[in-house]
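The values are calculated or read from the model by the stated rules, or taken from the named source; none is laboratory data. If you're wondering where the values come from, they're calculated on a predicted model, not measured in any experiment. Cβ placement follows ideal geometry from the backbone for every residue including glycine, while neighbour counts extend to all protein chains displayed.
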Amino acid sequence: MTLATRVLIIGLMISQAACAPPAPREENKGVAVVELFTSEGCSSCPPADDLLALLAADAKKTGRPVYCLSFHVDYWDDLGWKDRFSDAAHTKRQQEYARLLGLRNVYTPQMVVNGADEFLGSDHKKAAKAVETALAGKSVATVNLNVSADGREIAVEYKVSDAPAGTVLCVAWTETEASSAPDRGENSGQKLRHRNIVRDFHVVKSKTPFSGKAALKRRDTKSGTVIAFVQDVKSGRILGASSAEVTADR
């Protein structure tokens, strides 16, 4: 069954589906890092938020190495509703993708897969195709994580092998889920649901091999995932990734 079919089915079953144990990772197997650039102030964004949630749920159910991150940009914040998850750093990251991918402007919702394939963030077919293509490839770098949490502090130990020169390690803390109810702006009166919201994001220059530590902060002691991936600076392509879940009671 293709990802496109599973995305449609899981939309109906997401509230009932049991989570299967993660499948064993094959060495150098392809990964898919899915970045969504979104905003609570954008009326076109809720369908894209829903799609990212479906992709994340499918990955959790199947154990496939699909890593979903929701970056809330800040350029909608002056148009009636301030997105509490927005960050100027997220906007800067999206602008850098626009430069690397030869785009004239940034827009929301935008989805970027493995730093190489960008499209409208609510396009189910393109998302499914991009993820399948990414998984069919091979990872260049390997990322191993050891994560521990103490209240709002998250300690990340990482070890990266086979990362080429000119790459960085991106380490993110993503909050599993959240909701908002805007009373102004384009989404006034709606209940917005978000998944895998980026709340902290660090970039570390890499070398081969290398290991180190990163300190991440979670605003509240909620469940989430540490996602780390190796990215080529010049092309933006993602060469390997891994993740570790953190529950609210850790």
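In table form, for the structure just shown:
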{"item": "Thr108 being in contact with a Cys (Cβ under 6 Å, 6 or more places away or on another chain) and under 23 Å from Arg219 (Cβ atoms)", "result": "yes"}
{"item": "Test result for Asp74, surrounded by 16 or more Cβ atoms within 10 Å (Cβ to Cβ), assigned to a loop (DSSP other than H, G, I, E, B), acidic (Asp, Glu) and in contact with a helix residue (DSSP H, G or I) (Cβ under 6 Å, 6 or more places away or on another chain)", "result": "yes"}
{"item": "Members of region 59-82 found to be on the phi < 0 side of the Ramachandran plot and touching a residue at least 60 places away in the same chain (Cβ under 8 Å), listed by number", "result": "Arg64, Pro65, Val66, Tyr67, Cys68, Leu69, Ser70, Phe71, His72, Trp76, Leu79, Trp81"}
{"item": "One residue from Ala48, Ala98 being assigned to a helix (DSSP H, G or I), modelled with pLDDT of 95 or more, within 21 Å of Asn187 (Cβ to Cβ) and not polar (S, T, N, Q)", "result": "Ala48"}
{"item": "Count of residues meeting criterion [among the acidic types (Asp, Glu), assigned to a loop (DSSP other than H, G, I, E, B) and surrounded by 17 or more Cβ atoms within 10 Å (Cβ to Cβ)] in region 228-250", "result": "0"}
{"item": "Pairs, first within 21 Å of Ala165 (Cβ to Cβ) and β-branched (Val, Ile, Thr) in region 232-250, second surrounded by 20 or more Cβ atoms within 10 Å (Cβ to Cβ) and modelled with pLDDT of 95 or more, C-beta under 6 Å, six or more apart", "result": "Ile238/Val33; Ile238/Asn114; Ile238/Gly115; Ile238/Phe229; Ile238/Gln231"}
{"item": "Residue list for region 98-112, restricted to those being within 15 Å of Ser235 (Cβ to Cβ) and crowded, with 20+ Cβ neighbours inside 10 Å", "result": "Val112"}
{"item": "Qualifying residue in region 95-108 (condition: of a type outside the set (Ser, Thr, Tyr) and within 22 Å of Ser243 (Cα to Cα))", "result": "no"}
{"item": "Test: His90 is in contact with a helix residue (DSSP H, G or I) (Cβ under 7 Å, 6 or more places away or on another chain) and either farther than 18 Å from Pro65 by Cα or surrounded by fewer than 21 Cβ atoms within 10 Å (Cβ to Cβ) (or both)", "result": "no"}
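Residue-by-condition table, conditions (1) out of contact with any Pro (no Cβ under 9 Å at 6 or more places or on another chain); (2) farther than 18 Å from Trp76 by Cβ; (3) at pLDDT 95 or above:
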residue	(1), (2), (3)
Asp117	yes, yes, yes
Lys126	yes, yes, yes
Ser139	no, yes, yes
Val147	yes, yes, yes
Ser188	no, no, yes
Arg193	no, no, yes
